[in-house]
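The values are calculated or read from the model by the stated rules, or taken from the named source; none is laboratory data. Values in this document were obtained by computation on a predicted structure and should not be read as measured data. Glycine also receives a Cβ, built like all others from the backbone with ideal geometry; neighbour counts cover every protein chain displayed.
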Amino acid sequence: SYPSSQQGLEALVKRPESGDIPLNWKPGGYLERLPKDPWGSDYQYLNPGVHGEIDVFSFGADRKPGGENYDADVGSWTL
């Protein structure tokens, strides 16, 4: 199962301590650290997602929801 919105992407680095914790969570995690988006900000995560089962996205260059061109949100649903 995917991490909850509350657990967030951090659950890929560190074992969650609350909510549904997968019995088969990989000791040591799945990533050493979370990557930043191209503008140096944290990626956003929603479960359930608005566009799919989960949404992973960046707010773009302006770091605000919405926007156009370089400021537009970029998400897993656009891949």
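General observations
- Selected residue (only one of GLY52, GLY40 is of a type in the set (Gly, Ala, Ser), surrounded by fewer than 11 Cβ atoms within 10 Å (Cβ to Cβ) and modelled with pLDDT of 95 or more): GLY40
- For segment 56-70, the criterion of a residue being assigned to a helix (DSSP H, G or I), out of contact with any Leu (no Cβ under 8 Å at 6 or more places or on another chain) and surrounded by fewer than 15 Cβ atoms within 10 Å (Cβ to Cβ) is satisfied by at least one position.
- Answer residue from segment 26-54, given it is touching a residue at least 12 places away in the same chain (Cβ under 8 Å) and of a type in the set (A, V, I, L, M, F, W, C) and is farthest from TRP77 (Cα to Cα) among those: LEU31
- Whichever residue in segment 3-13 is free of Cβ contacts under 8 Å to residues at least 40 places away in the same chain and surrounded by 13 or more Cβ atoms within 10 Å (Cβ to Cβ) and, among such residues, is farthest from LYS36 (Cα to Cα): GLN7
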